[in-house]
Amino acid sequence: MGISNARIFFLFYSSKMLFWLFLLLEIIAVAKVRSQTSTQGFISIDCGSSTNYTDDTTGIPYVTDYPFTDDGVNSQVAFEYSWSSQLTTLRSFPNATRSCYALKPVIKSSKYLLRGTFKYGNYDGLNRASTVKPLQFDLYFDANFWQTVSITDPSSYFRYEVLAVAMADSVSVCLVNTGSGTPFISVLEFRPLPDVMYPAVSATQFLITNMRLNIGPPLNSASVRYPDDPYDRLWKPWTDSDAFTEITTAESIESSTNDHFQPPSIVMQSAATPSDDSSTVMEFWWDHSFFGLTGDSVYVNFFFTEFTPNTARTLHLQHRSQCPK
């Protein structure tokens, strides 16, 4: 019987505990099949866009679909959903069962991060995408099933990310119509990674990211990405002002170039500490069915940085799995 969902708890036994916590949860699917300081090697596609441009916030250049696919139709989201300039356009594929992008140039046998972003925005005027009847289609990279895209809200965007090894000098990304709605995509991003990172990623195994959290940043902080993270990983802020006090340090906290995960300094500079003297629980949970994959292999990575020298900390980690009845 597969795991339906799982929870991780942190029990803190001292209100004086000061800690930093980073959570990156990734699930592994078995596939049969140098330090980045600039956008060199990045492939960034603003799907459906008619012009190339450089993003004002990240400084990353984005291009149109045309060098990477000759299939599909460019569309725009409805006006009431056009609040994000990068997510106002998309490319849909109404006339094919399987439609693919060919991403290149890619260095064969190198590791990479691949991310797709999907925002429906009622672009077709059909008012699809609800929790009762989601718009769904399958996503593949090369010959590997990635995930089932499930769009349940026309105003929200949905991101899917995989870490893998390039088996050739190009990587294909395919959208497959499964009869539950026309496939589409808003943004497609490819990011090269150093070979030392993510040792669990190999030619026979890839990782699908569930969540990557920046614990305790200042309130109303945005997600961290490039250029603060040179590999353009997305770190979502996690705060709980009722139970935890968010703190930061101005000191730079750098990772070794041989570090397997290399969290960016700005993420390592944020922290959370219990707000009162009672035992405090920090809880994270995920639904295993989100991945649509068989098997129960999960990687959970935690990183800690001590802000106060010569200080001992105590915490207790619990994992709880719940199976379907």
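The values are calculated or read from the model by the stated rules, or taken from the named source; none is laboratory data. Small disclaimer: the values here were computed from a predicted structure and weren't measured. Using ideal geometry, Cβ is built from the backbone for each residue, glycine included, and neighbour counts are taken over all protein chains shown. For the accessible areas, the whole protein counts, side chains as well, though only heavy atoms, and no ligand, DNA or RNA atoms are used. Shrake-Rupley method; radii C 1.70, N 1.55, O 1.52, S 1.80 Å.
Condition first: of a type in the set (S, T, N, Q) and within 14 Å of Cys47 (Cβ to Cβ). Can you find one or more residues in segment 120-140 that meet it? Scanning segment 120-140, I find no residue that is of a type in the set (S, T, N, Q) and within 14 Å of Cys47 (Cβ to Cβ), so the answer is no. Looking across Pro227, Pro263, Pro324, Pro309, one residue alone is open to solvent by 60 Å² or more (accessible area, probe 1.4 Å), of a type outside the set (Asp, Glu), part of a loop (DSSP other than H, G, I, E, B) and at pLDDT 80 or above. It is Pro227. Within segment 127-167, the set of residues being in contact with a Lys or Arg (Cβ under 6 Å, 6 or more places away or on another chain) and among the hydrophobic types (A, V, I, L, M, F, W, C) comprises Leu135, Val165, Ala166. Beta carbons closer than 7 Å, at least 6 apart along the sequence or on distinct chains, pair a first residue in segment 213-231 that is under 16 Å from Ile43 (Cα atoms) with a second that is of a type in the set (A, V, I, L, M, F, W, C) and assigned to a loop (DSSP other than H, G, I, E, B) for Arg225/Leu234; Tyr226/Ile60. Within segment 148-165, restricting attention to residues that are under 18 Å from Ala200 (Cβ atoms) and in contact with a Phe, Trp or Tyr (Cβ under 6 Å, 6 or more places away or on another chain), the residue that is surrounded by the most Cβ atoms within 10 Å (Cβ to Cβ) is Ala164. Scanning segment 75-100 for residues that are touching a strand residue (DSSP E or B) at 6+ places or on another chain (Cβ under 7 Å) and closer than 18 Å to Ser172 by Cβ yields Arg91, Phe93, Thr97, Arg98, Ser99, Cys100.
Residues in segment 95-137 that are within 22 Å of Val201 (Cα to Cα) and of a type in the set (D, E, K, R) were compared, and the one that is farthest from the chain's Cα centre (by Cα) is Lys108. At least 3 residues being open to solvent by 30 Å² or more (accessible area, probe 1.4 Å), modelled with pLDDT of 95 or more and out of contact with any helix residue (DSSP H, G or I) (no Cβ under 6 Å at 6 or more places or on another chain) is the threshold, and among the strands (runs of 3 or more DSSP E) wholly inside segment 80-120 those reaching it are 98-103. Out of the residues in segment 230-260 that are in a loop (DSSP other than H, G, I, E, B), among the hydrophobic types (A, V, I, L, M, F, W, C) and at pLDDT below 90, state the one that is farthest from Tyr112 (Cα to Cα). Here the residue is Ala243. Taken over segment 182-203, the criterion of being part of a strand (DSSP E or B) and either of a type outside the set (Lys, Arg) or under 14 Å from Phe93 (Cα atoms) (or both) is satisfied by Phe184, Ile185, Val187, Leu188, Glu189, Phe190, Pro192, Leu193, Ser202.
One residue stands out among those in segment 230-245 that are among the charged types (D, E, K, R) and over 30 Å from Arg91 (Cβ atoms): the one that is most open to solvent (accessible area, probe 1.4 Å), which is Asp242.
Any residue in segment 187-210 that is open to solvent by 10 Å² or more (accessible area, probe 1.4 Å) and in contact with a Gly (Cβ under 6 Å, 6 or more places away or on another chain)? Checked segment 187-210: at least one residue is open to solvent by 10 Å² or more (accessible area, probe 1.4 Å) and in contact with a Gly (Cβ under 6 Å, 6 or more places away or on another chain).
The one condition from (1) of a type in the set (Phe, Trp, Tyr); (2) over 21 Å from Ser50 (Cα atoms); (3) open to solvent by 70 Å² or more (accessible area, probe 1.4 Å) that Tyr66 does not meet is (2).
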